[in-house]
Amino acid sequence: MCSVVGYVGKNQSKAFVLEGLTRLEYRGYDSAGFACISPESNRLACVKSQGQLQNLLAKCKQMPVDGHLGIGHTRWSTHGAATEANAHPHFDCQKSISVVHNGIIENHHELREALKKAGHIFVSDTDTEVIAHSLEAVLPIHKRIKPAMVELVNKLEGAYAFVAIMQSFPDQMIAVRKRSPLCIGIGRDELFVASDPLAFAGRTKKVIYVPDEAFVIMKAAPRHVSDSQKSPLELALSSSETANLELYSFSGTLLKPDIQELDVDWTDTEKRGHEHFMLKEIYEQKGAIASTVKYYQQLGNNLYKQMELSKEQLKDLKSIKMVGCGTSWHAARIAQFFFEEIAKVPTSIHLASEFRYMPFFNYENSLYIAISQSGETADTLEVVRMINDKECTTVALTNVPSSTMVREANGFLLTHAGPEIAVASTKAFSTQVTVLFWLAHRIALDKGLITMRQLQVAEEDLLIAAEVLENTIDTYRKEISATLAKKYAQFNRAIFLGRHISYPFALEAALKLKEISYIFAQGYPAGELKHGPIALVDSLTPVFLFSSLDPMIYQKLVANAQEVKARKGHIIAFAFEGQKELISLADCVFMIPKVHPLLGPLAMTGLMQFLSYAIAKELGCAIDKPRNLAKSVTVE
Ligand code: G6P
């Protein structure tokens, strides 16, 4: 969702803030802004712009405004259109307080009405602006930041993280967190604040993840005091770091900050000759799957430690429940077949945004796996919190070890995909499938259902599927780029069919095409076609059909393909080698070498993603940053 970034310290803030925003642009890119306190005039200066961050960067070049305290924002709009007026930072009436915010102030309407009655004038449609005006209202009453903040945060409802600077305190910055992520990096005579530590990775190795319902007052100048006068925070730092900050709970109690070692790197973020990050990430899948498999092979008994479960608990699982959103939900749906068929554990899959509002049944020996590439998705995170409250076991499966979900779930599992920059998930998806396939085998091993050798064969099967995933792209890349992408880019809608494990894969394929090409694509279970969707079949609606290696399912899919052909439908089949009947029925065939039957979707993943990519490219779409989307959706 939106990202907030801030800097306070010995250097000028703009360079860091703009670079931080560039690193976090995945969180939103419909407008951006920067504000700082000019050291010359002690007044706030601000630059904002509509559209992607590059517009702000260009504008900033023309305005040489800078200062030792600066804040910045990239936006994914929730309240109000993506206009310059609605872009952050937002201000109070006097333009003496500036705020950047991620999240939602749920009671913004009431607050706005009350503030308006008191004479405040609003200039944007955002919920954020109420923060600046509310601060303007409480600061003069209390005169000091801390009591003013206690009053302010107790007025605000919702989930939010915001950073504020004020002309009346030109050397201090406030950072506030309630449920939305926020962290502080500690450098030498400088402090960084951001929604994600990626913003300051490489600049410091020390991070404070701001606790929930807490605020921080950060000061520009370091304190020069003797060791005996140092605060516990200062004593915990090495000579190369200094921090002048105070951390308070929402009730105003001084808290001891927990400084952690930052294990995030900002490397590997170049496109390496690829035209788009998505293409680079599609091609990184084979390596990412191999690293993930290697990691789990070497994990040994640390698996139990990481998952915060004993071997006995894992062996005795009565059910597994997985929650996620978007692509992560699709990975979970595919993995349902792994856990039920391999580990023989009844498994159910839930959309995080729905799960919270369903009745909750606290079954014994259940494991809840929350799946999220980013580990920050608000819907999924709220489910983790809800299940934690019920004292059931939660495990987060994510690609980001420093994410909120890893910190809040009881245990964690990691995908080793490396940073995923393109909004449409590719390598995170394939590595999620990899981890879950491996875990199903590991549970089966602990239950005595398979031997160690069978687990090793499963690991080899994953590597074979990864090989196929990449080779099939290379086999068809030329043909897709030269002719097929052009052809299929002409259709306005498409149907995606699968059955059994290829049905959730069809859902993922449809999502991929929708996300990046804006072509309306609907995934259906193939057997359901005749119960309604078949009415849509015509020569203008191509039908993508994903085959199965299960002989019985395959036969049913052939019957479904015949139903489409009988209605003059156009079939694009992802078929496995030797599946003659399906191949003869299809208008366009992609032949996939045979793999482990449950890894069919993984083997097809690369080609499916590349086809969507090529169609979107043909249509001239913004592939890495599709319209209206954000990589990390931190609002519910
Ligand atoms: C957003 C992205 C999707 C992604 C989903 C879940 O909606 O646009 O591509 O699948 O979030 O993200 P997560 O980080 O929780 O896997």
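The values are calculated or read from the model by the stated rules, or taken from the named source; none is laboratory data. This one's a predicted model, so the numbers in the text were calculated from it and none came from an experiment. Note that we place each Cβ from the backbone using ideal geometry, even for glycine, and neighbour counts take in every protein chain shown. When the accessible area is computed, the model is the full protein with side chains, heavy atoms only, and any ligands, DNA or RNA have been set aside. Shrake-Rupley method; radii C 1.70, N 1.55, O 1.52, S 1.80 Å.
Projecting the Cα atoms of Ala159, Ser481, Ser372 onto the dipole axis of the chain, where Lys and Arg carry +1 and Asp and Glu carry -1 at the beta carbon, places Ser481 farthest toward the positive end. Extending 7 Å from the Cα toward the beta-carbon at both Glu391 and Leu255 defines two label points whose distance is 2.4 nm.
Order 146-153, 432-439 from most to least packed using the mean count of other Cβ atoms within 10 Å.
Values: 146-153: 18.8, 432-439: 26.5.
Order by mean packing, descending: 432-439, 146-153.
The magnitude of the dipole of the chain, with charges of +1 and -1 set on the Cβ of Lys/Arg and Asp/Glu and taken from the Cα centre, is near 620 debye. With the Cα gyration tensor of the range 480-584 giving a ≥ b ≥ c as the square roots of its eigenvalues, does the rule (a/c under 1.5 for rounded; else a/b larger than b/c for prolate; else oblate) give rounded, prolate or oblate? It comes out rounded by the Cα gyration axes.
Other residues with beta-carbon under 15 Å from the beta-carbon of Ser251 carry, at +1 per Lys or Arg and -1 per Asp or Glu, a net charge of 0.
Note on Lys14: aspartates and glutamates with a C-alpha under 15 Å away, same-chain residues under 8 apart excluded, are Asp66, Glu190. Computed packing ranks the peptides 75-82, 595-602, 107-114 as 595-602, 75-82, 107-114, most packed first, by mean other Cβ atoms within 10 Å.
The portion of the accessible surface of the chain made up by carbon and sulfur, rounded to a whole percent, is 52 (1.4 Å probe; DNA, RNA and ligands excluded). In summary, the lysines within cross-link reach of Lys344, defined as a Cα separation below 21 angstrom excluding same-chain residues under 8 places away, comprise Lys311, Lys315, Lys318, Lys321, Lys447.
Taking the charge dipole of the range 270-618 about its Cα centre, with +1 at Lys and Arg Cβ atoms and -1 at Asp and Glu Cβ atoms, the residue from Gly523, Ile387, Ser328 reaching farthest to the positive side is Gly523. Each peptide in 458-470, 620-632 was scored by the mean count of other Cβ atoms within 10 Å over its residues; highest first, the order is 458-470, 620-632. Calculated FRET efficiency, Lys594 to Glu213, Cβ-Cβ distance, R0 = 51 Å: about 0.40 to the nearest 0.05. Across the chain, the relative contact order, built from alpha-carbon pairs under 8 Å that are at least six residues apart, equals 12 percent. Taking 0.36 nm per residue of separation and subtracting the current Cα-Cα distance, fully stretching the chain between Glu157 and Glu467 would add 106.6 nm. In summary, the lysines within cross-link reach of Lys594, defined as a Cα separation below 19 angstrom excluding same-chain residues under 8 places away, comprise Lys286, Lys556, Lys580.
Dipole magnitude for the range 3-261: computed about the Cα centre from +1 point charges on Lys and Arg Cβ and -1 point charges on Asp and Glu Cβ, it is near 380 debye. Under 14 Å from a point placed 7 Å out from the Cα of Tyr518 along the Cα-to-Cβ direction: which residues of the range 610-625 have their backbone N that close? Correct set: 616-625. Between Lys59 and Lys146, the modelled labels are 3.8 nm apart [label points 7 Å from Cα along Cα→Cβ]. Here r is the Cβ-Cβ distance between Arg493 and Lys344 and R0 is 35 Å; the resulting FRET efficiency, rounded to 0.05, is 0.30.
Once the Cα atoms are used to define both axes, helix 53-62 deviates from the longest principal axis of the chain by about 30 degrees.
For a paramagnetic label modelled on Arg43 (point 7 Å from Cα along Cα→Cβ), amide N atoms under 14 Å away belong, within the range 164-178, to 167-168.
Quick one: if the Förster radius is 22 Å, what FRET efficiency do Met452 and Gln313 give, using the C-beta to C-beta distance and rounding to 0.05? Before the final figure, lay out the partial values.
Numbers: r = 20 Å, r/R0 = 0.93.
Calculated value: 0.60.
Taken about its Cα centre, the range 270-618 carries a charge dipole of roughly 480 debye when the Cβ of each Lys and Arg holds +1 and the Cβ of each Asp and Glu holds -1.
Sorting the Cα pairs of the chain by distance into bins of 20 Å, from 0 upward, gives 19, 48, 28, 5, 0 percent per bin.
Once the 1.4 Å probe is applied to the protein heavy atoms, the chain comes out at 38 Å² accessible per residue. Between the helical axis of 452-479 and the longest alpha-carbon principal axis of the chain there is an angle of about 90 degrees.
Beyond 28 Å between alpha-carbons counts as too far, so tell me which of Lys59/Lys95; Lys117/Lys155; Lys205/Lys631; Lys178/Lys205; Lys294/Lys617 fall in that bin.
Over 28 Å apart, Cα to Cα: Lys294/Lys617.
With both labels modelled 7 Å from their Cα along Cα-to-Cβ, the Thr83 to Ala114 distance reads 2.7 nm. Centre-to-centre, using Cα atoms only, the range 276-315 and the range 558-636 are separated by 26 Å.
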